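Participant: First, the structure itself, so that you have it in front of you.
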């Protein structure tokens, strides 16, 4: 099941997404909660404390690569299988639940 | 990062719950293709419902098969009636009605997850019913 949650700021989108992720994990599913908001705060609602959330790393650049899409526009894509990416970059929150914060890639020394 | 999100959602066998950017303008067709259900969260007043309705049309244009509304912060029977009438009039499937809940505010003030602060909160109960609807029986 792949669910996306949208809604205006303040409507409670993030509380619902985070709680739904926790509930799904409680029901025995392996779950990945993905924060794609540019003002990420899903961490809190899935149960990652604020200090740990503030220390979440940027996505290592070597896990991404630029590839042209069907229209020839270069787009960033995963350079590794999704499961490897989630295992390496995701933050384990709870039994069966992993958090991923998309944010910006970490360019490191490459500028 | 759009291609990355689509690749993640498509490539994992896990249940994926994505907290999207507030507007749907950023959602690409490539990512939308991998989303089975889009939940649009709205509040029970006219402007919020109108916004939800516009998002609903946009999501349908993006080709998402199941687009459903979640009414949040519903305080009174009248609120619920407003939401149900609006949903019926605009043919928006209503996935859940989540009550207004002081526990959400209190959890937020304490910097805690709602489900940890008060696992039996009415809002959490509504979200459990939503999960049961999305993936029955697990």
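Throughout, read-outs are computed from the coordinates displayed, never taken from laboratory work. Because the structure is a prediction, the values reported are computed rather than measured. Cβ atoms come from the backbone with ideal geometry, glycine included; neighbour counts cover every protein chain shown.
Participant: Test residue B:48 against the stated conditions and say whether it is within 14 Å of the chain's Cα centre (by Cα), within 8 Å of chain A (Cβ to nearest Cβ) and farther than 28 Å from residue B:121 by Cα. Lay out the reasoning, then the answer.
Facilitator: On the way: within 14 Å of the chain's Cα centre (by Cα): yes; within 8 Å of chain A (Cβ to nearest Cβ): yes; farther than 28 Å from residue B:121 by Cα: no.
In short, no.
Matching residues to (1) farther than 21 Å from residue A:103 by Cα; (2) touching a residue at least 24 places away in the same chain (Cβ under 8 Å); (3) surrounded by fewer than 24 Cβ atoms within 10 Å (Cβ to Cβ):
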{"residue": "B:5", "(1), (2), (3)": "no, yes, no"}
{"residue": "B:13", "(1), (2), (3)": "yes, no, yes"}
{"residue": "B:22", "(1), (2), (3)": "no, no, yes"}
{"residue": "B:41", "(1), (2), (3)": "yes, yes, no"}
{"residue": "B:48", "(1), (2), (3)": "yes, no, yes"}
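Participant: Any idea how many residues of region B:109-129 are within 21 Å of residue B:97 (Cβ to Cβ) and either outside any helix (DSSP H, G or I) or at the interface with chain A (Cβ under 8 Å from one of its Cβ atoms) (or both)?
Facilitator: The qualifying residues number 10.
Participant: What helices (runs of 4 or more DSSP H) lie completely within region A:11-111 and have 1 or more residues being closer than 13 Å to residue B:16 by Cβ?
Facilitator: Working: elements: A:13-26, A:42-46, A:50-54, A:82-89.
Fully inside region A:11-111 and qualifying: A:13-26, A:42-46, A:82-89.
Participant: Condition (residue is in contact (Cβ under 8 Å) with a residue 24 or more places away in the chain, surrounded by 15 or more Cβ atoms within 10 Å (Cβ to Cβ) and in a loop (DSSP other than H, G, I, E, B)) applied to region B:79-90: is it met by at least one residue?
Facilitator: no
Participant: If I ask for residues that are outside any strand (DSSP E or B) and either more than 7 Å from chain A (Cβ to nearest Cβ) or within 12 Å of residue A:13 (Cα to Cα) (or both), which ones from region B:11-23 would you list? Working first, answer last.
Facilitator: Looking only at region B:11-23, we keep the residues that are outside any strand (DSSP E or B), and these are B:11-14, B:20-23.
Passing the criteria: B:13, B:20, B:21, B:22, B:23.
Participant: Among the numbered criteria (1) within 9 Å of another protein chain (Cβ to nearest Cβ); (2) closer than 22 Å to residue B:124 by Cα, which single criterion is violated by residue B:94?
Facilitator: (1)
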